[in-house]
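No lab work stands behind these numbers, since they all come straight from the coordinates. Quantities reported herein were computed from a predicted structural model and do not represent experimental measurements. Cβ placement follows ideal geometry from the backbone for every residue including glycine, while neighbour counts extend to all protein chains displayed.
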Amino acid sequence: MKARLCGNTRGSATLEILIAFTILALALGAAILMSFSNQTIVIDSETNVEAITKAQAQLEKVRADAREDFNLVNPTSSTETSGALTYTKNVAVEPVGIFSKKVTSTVTWQSAGRTLSVALSTLLTNPQSVVGGGTCSSVLSGDWKNPVMTYYEFGKDLLGDPSSGFPIGGIDVFNKKLYVVVNNSNGNNFPNLFQFDISSPSNPVLIPPGIDTDTSVKTGLNGIAVAGNYAYVAKGLGPMSSGQLQVIDISVNPMVVKKTYKVPGVTGTGGQGVGKTIFYYDGYVYLGLTKTNSGPEFNIIDVSNPLNPTKVGGYTVANDLNAIFVKDHYAYLASPNAENLIILDIANPANPVRVGGSSGLTTGGNHGKSIYAVGHTLYLGRTYGSREFYIFNAANPAAISTVADKDTGSGNETSINGLFIRDYLAFFLTDEQFQIWNIANPSNIIPWTQNMNPSEFLELPAGGGTALDCESNYVYVSLVPSNNKGYIAAITSSP
């Protein structure tokens, strides 16, 4: 399945446009005029300047957060006492389209029985997400204790084909389009790549036709990452054949396969070395393979020229790679190894170096399955067993520390097959449920349901949750039950 990047801004300056000031400084040291209750009053300049300074400081912190990780730009509220005054400080964040956020910093205080305030606003845009990356809004809206789900049987409802044979290998949502790849090892995949218009978010509409990316083989696709005019797909075909990566031009209709790429230095038979998971970031594709006979399972491929992919480096995991997340110059890998999490320094893409990992986690039946990062915090989802969810402090990736862990339930259906974080909520896709947890206090992670009870988590219409992605305030999940029919569900908050 595909891990997704949501909003990292390495190498790109955050575009900022100052929108408005609600207060006007007339001159240094002079009084400032403020509007209140339809009258103009003169207030003490020193107090007023102090409030403006605090509002500016809040905006500067937001700018710094945006440069570090766009997903850190979320609403906040606090108070601060200065002398006899208590200031209430608020940061309001409003999504503007898919790629931008309007941020308003407000400072409020009481003076002579009146409530006074200053407010500064700015518009922040994440250039990285525009060219390829996360379009999931970290700003929460609506009631996520009561999510609303609309679901479709993939073949019958979305394609007009009631037959089985559409097990979904991966999904990606980008700029009001949903991309779906199919991998059916029991029959031919004709086609195996589809795109849908989701201008109406809960009502995917097929953009015909889909395409078969390789008519010569039965095996299909296991993952997809969309960036700009291209989709990069992890090909479910052994390395002894044509390749494990395909580059698809999605700017034309029908879509066109522009390149099929075989990773050099990899050998295997049968299902060895198959493309399994994929991640795009800043001109590179990070391709994870199933366990190989020889050669690295983790591969860094330069796609600065999408029509000429070039491998620049790799790392041998000696097992399947289930998920990849890249942030700054580190790659975080989730695998079935006893060390569920492996951390690589990829500052030199030609020579990835292991700098740390998850030694000390409860082992046994637990495998690293999904991974996500926001700022300096790393989140790991594992297969069922004990402590399926971990939070790490990754300020120093070479020496991560456990912040919290959580056993998310009993039984063999609690594997966290996909996860992402929005502000203080963690969203999980398991085999049977769509789960939301409040992680605001890592020492007390609680179910985000009406009565804070795990029994109230949203039950999925069919078993086998495989992949999830998000755009704006909608979450999309793919399901593959035992009958291989495949389902797509669109989930959002209730009003």
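Stretch LYS176-SER163 to full length: gain in nm at 0.36 nm per residue minus the Cα-Cα span? Write down the numbers at each step before the final one.
Numbers: separation 13, 0.36 × 13 = 4.68 nm, distance 2.75 nm.
Extending this stretch completely gives an extra 1.9 nm.
Can you give me the long-range amide H partners of GLN244? Hydrogens built in the peptide plane at 1.01 Å from N, cutoff under 5 Å, separation of 5 or more residues or another chain.
Those lying under 5 Å, H to H, from GLN244 are TYR261, LYS262, VAL263.
Residue by residue, what Karplus-based ³J(HN,Hα) values in Hz, rounded to whole numbers, does region 289-295 have, using 6.51, -1.76 and 1.60 with θ = phi - 60° and x for Gly and Pro?
With coefficients 6.51, -1.76 and 1.60, one gets 10, 5, 3, 9, 6, 8, x Hz.
Spin-label point model (7 Å from Cα, Cβ direction): what's the ASP302 to ASN444 distance in nm?
A separation of 5.3 nm, rounded to one decimal place.
Just need the relative contact order of region 419-495 here, percent rounded to a whole number, with Cα pairs under 8 Å and 6+ apart.
Details: 136 pairs, mean separation 16.0, N = 77.
Relative contact order of region 419-495: 21 percent.
Any idea what the dipole of the chain comes to, in debye rounded to 20, about its Cα centre with Lys/Arg Cβ at +1 and Asp/Glu Cβ at -1? Please list the in-between numbers first.
On the way: 31 positive and 37 negative charges, 137 e Å.
Charge dipole, the chain, about its Cα centre: 660 debye, nearest 20.
What full-extension length gain, to one decimal in nm, is calculated for ASN229 and SER141 as 0.36 nm per residue of separation minus the Cα-Cα distance?
Details: separation 88, 0.36 × 88 = 31.68 nm, distance 3.02 nm.
Full extension from ASN229 to SER141 adds 28.7 nm.
Residue farthest toward the positive end of the dipole of the chain, with Cβ of Lys/Arg at +1 and Asp/Glu at -1: which of ALA398, VAL353, THR310?
Towards the positive end, the residue furthest out is THR310.
Taking the dipole about the Cα centre of the chain, with the C-beta of Lys and Arg at +1 and of Asp and Glu at -1, give me whichever of ASN253, GLY142, VAL205 is farthest to the positive side.
ASN253
Counting only the backbone N, which residues of region 467-481 are under 11 Å from the spot 7 Å out from the Cα of MET149 toward its beta-carbon?
The answer is 477-479, whose backbone nitrogens lie closer than 11 Å to the label point.
Starting at 0 and stepping by 10 Å, how many percent of the alpha carbon pairs of the chain end up in each bin?
It works out to 4, 19, 28, 25, 13, 7, 4, 1, 0, in whole percents.
Could you tell me the distance between the Cα centroids of region 427-456 and region 42-120, to the nearest Å?
About 31 Å separates the Cα centre of region 427-456 from the one of region 42-120.
Find how much the distance from ALA338 to GLU80 grows on full extension, using 0.36 nm per residue of separation minus their present alpha carbon separation; answer in nm with one decimal.
Here the segment from ALA338 to GLU80 would lengthen by 88.2 nm.
In square nanometres and to one decimal, what's the mean projected area of the convex hull around the Cα atoms of region 295-376?
Result: a mean projected hull area of 6.1 nm².
Treating the angle as unsigned and between 0 and 90°, give the value, to the nearest 10°, between the Cα long axis of helix 45-68 and the longest Cα principal axis of the chain.
Long axis of 45-68 versus the principal axis of the chain: about 10 degrees.
Among the aspartates and glutamates, which fall within straight-line cross-link reach of LYS54, defined as a Cα-Cα distance under 18 Å, with same-chain neighbours fewer than 8 residues apart omitted?
Within reach: ASP44, GLU46, ASP65, GLU80.
Summing -39500 (n - 2.57) over the DSSP H runs of n ≥ 4 in the chain and dividing by its residue number, what mean residue ellipticity at 222 nm do you reach, to the nearest 500 deg cm²/dmol?
On the way: 2 runs with 29 residues, N = 495.
The helix contribution divided over the chain gives -2000 deg cm²/dmol.
What is the local net charge at ASP407, summed over the other residues whose Cβ is closer than 11 Å to its Cβ (Lys, Arg +1; Asp, Glu -1)? Let's see the in-between values first.
Numbers: positive: ARG382, ARG387, LYS406; negative: GLU388, ASP405.
Around ASP407, the surrounding residues sum to +1.
Do any of LYS61/LYS101; LYS259/LYS485; LYS102/LYS176 go past 22 Å between their Cα atoms, and which?
As for pairs spanning more than 22 Å Cα to Cα, those are LYS259/LYS485.
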